[in-house]
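Visitor: I have a structure I would like to understand better, so I am pasting it below and will then ask my questions one at a time.
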Amino acid sequence: MKKGCLFAAPFAFLLCAFFLCFPSFGQSNPYQITPILQEAYADVFKLKVSSAKLLLQKEKASVSSKAFALYVEDYADMVTLLVSDEKRLFEQLVANEDKRLEELDDFPANSPYQRLWQAEIRLHWAFIKLKFGKEVSACWDIIKAYRLLEENAKQYPDFISTYKSLGLLHVMIGSAPQNYQWVTKLLGLRGNIPQGMREIQTVIQKDKLFAPEAKLIELLLHAYILSYSEAENARLLTLAEGEKDNLLLHFFGTTVSMKDGRGEQALRILNQRPLGAGYLAFPFLEYLKGELLLQKGQYDEARNHLKTFLGQYKGQNYRKDTYLKLFLSHWLENDETLAGPYLERVLSGGTAYVEADKFAEKFAQSFKKKEISAQQKTLMRARLAFDGGYLPEAMTMLKPLQENAFPSLRDKAEFQYRMGRLFQRQNRSDSAIGHYERAIALSDPASF
């Protein structure tokens, strides 16, 4: 595959497969995936939305309407809204879902592509609606998308593209907690993790168009639902380093690395991301860098990036958490005067929809009630270092201390818990168990 081209000329193969396996539409094939449309799709996948839109305009000017163009336009809406987190923009664009689905209804129904693009568009908007707090509508989109994809798989079992998102849904539904399984069954949703992973692997191996996206989906499922091993991490690095101009892959490479406690790896991937006006504005990357530097104890640099994020960001999520991080960057340096105003902004600014903001608000409320002692500074420094994978540094902070260094039972319990986590991460389970047992004993309501 040539560098700079995400999808290496699968056009001829796709056309041959299409005309051999599926109905002919004469001279004007509305389901044709032209080279220009493939390039536009590749650009959206890289977060080059402006260039993708120019390519779509060029395509519309030269050929009749194409179903895949609707899919690419919708994909561009999805990444734009998820990256910007801008509610006003969501309200402007939300009508596009029904409009595009209605357009697809006018295309010939005797092709698996019609259901595929209808399902994909519904999934796009499900992810968007979840981001903006429209959970009920998002759930209905997921249910409808699942049914469209299942019907496609039954009628056209050899149509591989169906299985990119169907495999994803099979894994996600299959991983639902046991006490929710009756709900999915009642709605007619059948999950199966091994089946879903096999379906995604089939797309990786046999579908040139969707293989890169399927590779990313597979890694994200391992990172957030299944298990994430060194083998998966090696694939993540190969994916990010193999597509140096793909900002989306660098974003996910950063977030997955952070989730797995690989702070240095995350910083390296983030610092190597492609830059330039051709990419979608992505202020959240500044937030991520600020968080990584805070974990590393580089407070002044962390503040610079967190403030840049607040200056560029137009959404409401992660504002409380950012103010908390700015508070911590001063508080952990024992500068209470500069720290205080940020704590007030945690309580007055942003929303408390995502978990990070909920935690920030709870922390600020506890601090105002004087439930967080000065000794918590050591525990917080160790916690941040642990989250970044800086285990020796975290151990150096905590190992010289004893439980009696902390006056409150709450702090004593957290100290034992943090020690347990450190030993566990270092594969020293025997040492970890004693600390966990002590933390549980100290957390017993009867102890307070």
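The values are calculated or read from the model by the stated rules, or taken from the named source; none is laboratory data. Not measured: the values here are computed from a predicted model. Every residue, glycine as well, gets a Cβ built from its backbone with ideal geometry; the counts of neighbours run over all protein chains shown. All accessible areas refer to the heavy atoms of the entire protein, side chains included, with ligands and DNA or RNA removed. Shrake-Rupley method; radii C 1.70, N 1.55, O 1.52, S 1.80 Å.
Visitor: If you place +1 on the Cβ of every Lys and Arg and -1 on the Cβ of every Asp and Glu, how big does the dipole about the Cα centre of the chain come out, in debye to the nearest 20?
Guide: 440
Visitor: While we're on this one: Select from Ala223, Ile200, Leu189 the residue farthest towards the positive end of the dipole of the stretch 182-226; place +1 on Cβ of Lys and Arg, -1 on Cβ of Asp and Glu, and compute about the Cα centre.
Guide: Leu189
Visitor: Relative to the longest principal axis of the chain, what angle (0 to 90°, nearest 10) does the C-alpha long axis of helix 35-45 take?
Guide: Taking the Cα atoms of the chain, the angle to 35-45 is about 10 degrees.
Visitor: Nearest 10 degrees is fine. How inclined is helix 112-131 to the longest principal axis of the chain, computing both from alpha carbons?
Guide: Approximately 20 degrees, to the nearest ten.
Visitor: Now a separate question. Determine the shape class of the stretch 113-188: with a ≥ b ≥ c the square roots of the Cα gyration tensor eigenvalues, call it rounded for a/c under 1.5, and otherwise prolate if a/b is greater than b/c, oblate otherwise.
Guide: Oblate is the answer for the stretch 113-188, as a/c is 1.5 or above yet b/c matches or exceeds a/b.
Visitor: Further question on the same structure: Points 7 angstrom from Cα along the Cβ direction at Ser408 and Gln57: gap in nanometres?
Guide: Spacing of the two 7 Å Cα→Cβ label points: 5.8 nm.
Visitor: Once you have the Cα-Cα distance between Tyr180 and Arg88, take 0.36 nm times their residue separation minus that, and quote the gain in nm to one decimal. Mind dumping the intermediate values first?
Guide: Values: separation 92, 0.36 × 92 = 33.12 nm, distance 3.37 nm.
Length gained, Tyr180 through Arg88: 29.8 nm.
Visitor: A further question follows. Could you tell me which of Gln118, Val171, Ala153 has its Cα farthest along the dipole of the stretch 54-197 towards the positive end, charges placed at Cβ (Lys, Arg +1; Asp, Glu -1), taken about the Cα centre?
Guide: Value: Val171.
Visitor: Order the peptides 303-310, 182-189, 314-321 from the highest to the lowest mean number of other Cβ atoms within 10 Å of their residues.
Guide: The packing order, highest mean first, is 314-321, 303-310, 182-189.
Visitor: Next question, about the same structure. On the accessible surface of the stretch 112-206, probed at 1.4 Å, how many percent belong to carbon and sulfur atoms?
Guide: 57
Visitor: Okay, next question. Points 7 angstrom from Cα along the Cβ direction at Gln365 and Arg147: gap in nanometres?
Guide: 4.0
Visitor: Give me the number: length gained by fully extending Glu355 to Gln155, i.e. 0.36 nm times residue separation minus the C-alpha to C-alpha distance, one decimal in nm. Please report the intermediate quantities before stating the final value.
Guide: Details: separation 200, 0.36 × 200 = 72.00 nm, distance 4.12 nm.
Full extension of this stretch gives 67.9 nm more.
Visitor: Considering only DSSP states other than H, G, I, E and B, which trypsin sites (Lys or Arg not before Pro) in the stretch 342-442 qualify as loop sites with at most 12 other Cβ atoms within 10 Å?
Guide: Working: sites: Arg345, Lys358, Lys362, Lys368, Lys369, Lys370, Lys377, Arg381, Arg383, Arg410, Lys412, Arg418, Arg421, Arg425, Arg428, Arg438; in loops: Lys369, Lys370, Arg428.
Counting only loop positions with at most 12 other Cβ atoms within 10 Å, the trypsin sites (Lys or Arg not before Pro) in the stretch 342-442 are Lys369, Lys370, Arg428.
Visitor: Assuming R0 = 22 Å, what is the FRET efficiency of Ser348 and Ser373, from their Cβ-Cβ distance, to the nearest 0.05?
Guide: Details: r = 24 Å, r/R0 = 1.10.
The value I calculate is 0.35.
Visitor: Just flag the GluC sites (Glu not before Pro) in the stretch 342-448 sitting in loop per DSSP whose Cβ has no more than 16 other Cβ atoms within 10 Å. Walk me through the numbers on the way to the answer.
Guide: Values: sites: Glu344, Glu355, Glu361, Glu371, Glu393, Glu403, Glu414, Glu437; in loops: Glu371.
Hits after loop and neighbour filter: Glu371.
Visitor: So what is the accessible area of the chain per residue, in Å², with the probe set to 1.4 Å?
Guide: Values: 21260 Å² over 448 residues.
Roughly 47 Å² per residue, with all protein chains present.
Visitor: Which trypsin sites (Lys or Arg not before Pro) in the stretch 71-121 pass both tests, a DSSP loop state and at most 10 other beta-carbon atoms within 10 Å?
Guide: For trypsin sites (Lys or Arg not before Pro) across the stretch 71-121 that sit outside H, G, I, E and B with at most 10 neighbouring Cβ atoms in 10 Å, the list is empty.
Visitor: Still on this structure, I have one more. Remind me, relative contact order of the chain in percent, using alpha carbon pairs under 8 angstrom and six or more residues apart?
Guide: Computed value for the chain: 10 percent relative contact order.
Visitor: Could I ask something else about it? If you average the C-alpha positions of the stretch 79-144 and of the stretch 330-397 separately, how far apart do those two centres end up, in angstrom?
Guide: Centre-to-centre distance over Cα atoms comes out at 38 Å.
Visitor: Something else: Would you kindly state how much longer the chain becomes between Ala109 and Gln195 on full extension, computed as 0.36 nm times their sequence separation minus their alpha carbon distance, in nm to one decimal?
Guide: Values: separation 86, 0.36 × 86 = 30.96 nm, distance 2.76 nm.
Gain in length upon complete extension: 28.2 nm.
Visitor: Please report the net charge: other residues with Cβ closer than 11 Å to the Cβ of Ala126, K and R +1, D and E -1.
Guide: Value of the local net charge: +1.
Visitor: I would also like to ask the following. To test your reading of the geometry: what angle, between 0 and 90 degrees and rounded to tens, separates the Cα axis of helix 67-84 from the longest principal axis of the chain?
Guide: Orientation of helix 67-84: about 10 degrees from the principal axis.
Visitor: Rounded to the nearest 0.05, what FRET efficiency do Trp140 and Thr238 give with R0 = 41 Å and r taken as the Cβ-Cβ distance? Could you check?
Guide: Working from the Cβ atoms, E equals 0.65.
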